[in-house]
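> Please read through the structure below; I'll follow up with questions.
The values are calculated or read from the model by the stated rules, or taken from the named source; none is laboratory data. Everything numeric in this text was worked out from a predicted model, so none of it was measured. A quick note on method: Cβ atoms are made from the backbone with ideal geometry, for glycine too, and the neighbour counts reach across all protein chains shown.
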Amino acid sequence: MSEQAKPEQILILEFTLKSLDFMRAGEASSEFKQRLKKLGFKPELVRRAAIAAYEAEMNVIIHARKGVMRFEIAPARLLIVVEDEGPGISDIEQAMQEGFTTASAAIRELGFGAGMGLPNIKRCADAMDIQSIPGQGTRLQIIINNE
Ligand SMILES: Nc1ncnc2c1ncn2[C@@H]1O[C@H](COP(=O)(O)OP(=O)(O)O)[C@@H](O)[C@H]1O
Ligand SMILES: [Mg+2]
């Protein structure tokens, strides 16, 4: 993890993610969650942000090769940007549907691949944007406003 404080009270946390690294899976989002709690964000906002971050993190670990996850924590809004190198998503509309998954049987046996990650991110976020180039990778941006 690297960390950097910018002016106007923005805290930036950055993590690298690796495919199938189940030892460290969830670390980035759990560190993010702890920070938000310590900074005094409302429990309901922390809960939404932590769910969105966890699902985004796990998608890189399960579906991509490697990635970088960046959190920008500002008093008025949380920004999560996840960029990965991997297979990308050819049909984003389909990927957004509840229950749709391309996870292997082995991954599903580990308890992942319910196909609810992206729909859950959408529910938790105020704004969500996915850009993907099949065969190259995916960029997911999530905004959660603190109103
Ligand atoms: N970062 C990613 N890289 C490649 N494919 C992805 C990524 N994130 C999601 N997907 C695709 O979208 C599908 C749905 O994702 P999600 O709703 O999180 O369900 P799940 O992860 O349980 O499969 C995945 O099965 C996968 O095909
Ligand atoms: Mg998922």
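> Consider Arg24 against the criteria (1) at pLDDT 95 or above; (2) basic (Lys, Arg); (3) away from ligand 1 (no atom under 13 Å from the Cβ): it satisfies all of them except one. Which criterion is unmet?
All conditions pass for Arg24, except number (1).
For every residue, the table says whether it meets (1) touching a Ser or Thr at 6+ places or on another chain (Cβ under 6 Å); (2) near ligand 1 (Cβ under 8 Å from one of its atoms); (3) over 22 Å from Thr16 (Cα atoms); (4) at pLDDT below 95.
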position: Val81; (1), (2), (3), (4): no, no, no, no
position: Asp84; (1), (2), (3), (4): yes, yes, no, no
position: Glu93; (1), (2), (3), (4): no, no, yes, no
position: Gly99; (1), (2), (3), (4): no, no, yes, no
position: Ser104; (1), (2), (3), (4): no, no, yes, no
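> Anything in the range 80-95 that is of a type in the set (A, V, I, L, M) and buried (at least 17 other Cβ atoms within 10 Å of the Cβ)? List them, or say none.
Those that are of a type in the set (A, V, I, L, M) and buried (at least 17 other Cβ atoms within 10 Å of the Cβ): Ile80, Val81, Val82, Ile89, Ala95.
> Would you pick out the residues in the range 106-130 that are in a strand (DSSP E or B), surrounded by fewer than 16 Cβ atoms within 10 Å (Cβ to Cβ) and within 11 Å of ligand 1 (Cβ to nearest atom)?
Residues satisfying the conditions do not exist here.
> Any residue at all in the range 57-77 that is of a type in the set (Asp, Glu), within 14 Å of ligand 2 (Cβ to nearest atom) and within 11 Å of the chain's Cα centre (by Cα)?
yes
> Considering every residue within the range 47-55, establish whether at least one is within 16 Å of ligand 2 (Cβ to nearest atom), under 13 Å from Gly117 (Cβ atoms), outside any helix (DSSP H, G or I) and in contact (Cβ under 8 Å) with a residue 60 or more places away in the chain.
No, every residue in the range 47-55 fails to be within 16 Å of ligand 2 (Cβ to nearest atom), under 13 Å from Gly117 (Cβ atoms), outside any helix (DSSP H, G or I) and in contact (Cβ under 8 Å) with a residue 60 or more places away in the chain.
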